[in-house]
Amino acid sequence: MWRDMERRSERYGLPFAKPPVFPMNGLKAARVMTAALNEPWCGAFARAVFTAQFARGEDISTDDVLRQAIDACDADPAHWLARAREDDIKADLRARTEQAQEYGIFGAPSFWVRNELFWGDDRLEDAIAWAER
């Protein structure tokens with residue numbers, strides 16, 4: 001897996017650093033993302049978290065790393081870390097996780113297009129073609 005990620009990173013000109021621990025506990029990051037789904041910066045936050053973990057090998061389970069990722073999006077880290085601890089966000093993430101399980105999603109990225117599951121970034125073109133049929 002790691003060598004494959006190195007090759008793909010090289011192909012796309014992306015930095016890559018194998019995280020010292022994998023898998024990392026991404027629950028806090030997932031809760032922040034769930035809280036921020038309707039914010040214009042949520043995509044930038046996702047990229048910041050992935051960059052922290054896979055380009056710099058940082059521990060995304062720590063508040064410090066998440067603060068930096070939120071701050072890089074010009075959002076208030078204290079507000080969003082607190083929001084991520086609220087019961088409604090925890091319940092929303094649980095519900096979304098259960099829905100993903102019902103769909104058969106088992107990893108990222110996954111694409112669900114008209115009752116068909118496509119998994120992996122190398123399947124994006126297939127998912128688009130299926131959607132255009």
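The values are calculated or read from the model by the stated rules, or taken from the named source; none is laboratory data. These numbers were taken from a predicted model, which means no experiment stands behind them. Ideal geometry is used to build each Cβ from the backbone, glycine not excepted, and the neighbour counts take in all protein chains shown.
Selection over segment 100-112 of residues that are surrounded by 11 or more Cβ atoms within 10 Å (Cβ to Cβ) and outside any loop (DSSP other than H, G, I, E, B) gives a count of 5. Only a single item in (1) without any contact (Cβ under 8 Å) to a residue 12 or more places away in the chain; (2) in contact with a Phe, Trp or Tyr (Cβ under 7 Å, 6 or more places away or on another chain); (3) of a type in the set (A, V, I, L, M, F, W, C) is not met by PHE22, and it is number (2). One residue stands out in segment 113-129 among those that are surrounded by 14 or more Cβ atoms within 10 Å (Cβ to Cβ) and not aliphatic (A, V, I, L, M): the one that is farthest from GLY26 (Cα to Cα), namely ASP126.
The residue pairs whose first member lies in segment 102-117 and is over 15 Å from ALA129 (Cβ atoms), whose second member is outside any strand (DSSP E or B) and charged (D, E, K, R), and whose beta carbons are closer than 6 Å, counting only pairs six or more residues apart or on different chains, are PRO109/ASP121.
This table checks each residue for (1) part of a helix (DSSP H, G or I); (2) of a type in the set (A, V, I, L, M, F, W, C).
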| position | (1), (2) |
| --- | --- |
| ARG3 | yes, no |
| ARG7 | yes, no |
| ARG11 | yes, no |
| ALA17 | no, yes |
| PRO20 | no, no |
| VAL32 | yes, yes |
| THR51 | yes, no |
| TRP80 | yes, yes |
| ARG94 | yes, no |
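The set of residues in segment 73-105 being among the hydrophobic types (A, V, I, L, M, F, W, C) and touching a Leu at 6+ places or on another chain (Cβ under 9 Å) consists of TRP80, LEU81, ALA84, LEU93, ILE105. ALA46 meets the conditions (1) assigned to a helix (DSSP H, G or I); (2) surrounded by 18 or more Cβ atoms within 10 Å (Cβ to Cβ) in every case but one. The failed one is (2).
Give the residue that is nearest to ALA84 (Cα to Cα), with candidates limited to residues of segment 38-53 that are out of contact with any helix residue (DSSP H, G or I) (no Cβ under 7 Å at 6 or more places or on another chain) and among the hydrophobic types (A, V, I, L, M, F, W, C). The residue in question is TRP41.
Candidates in segment 1-26 are the residues that are loosely packed, with under 13 Cβ neighbours inside 10 Å and within 15 Å of the chain's Cα centre (by Cα); of these, the one that is modelled with the highest pLDDT is ASN25.
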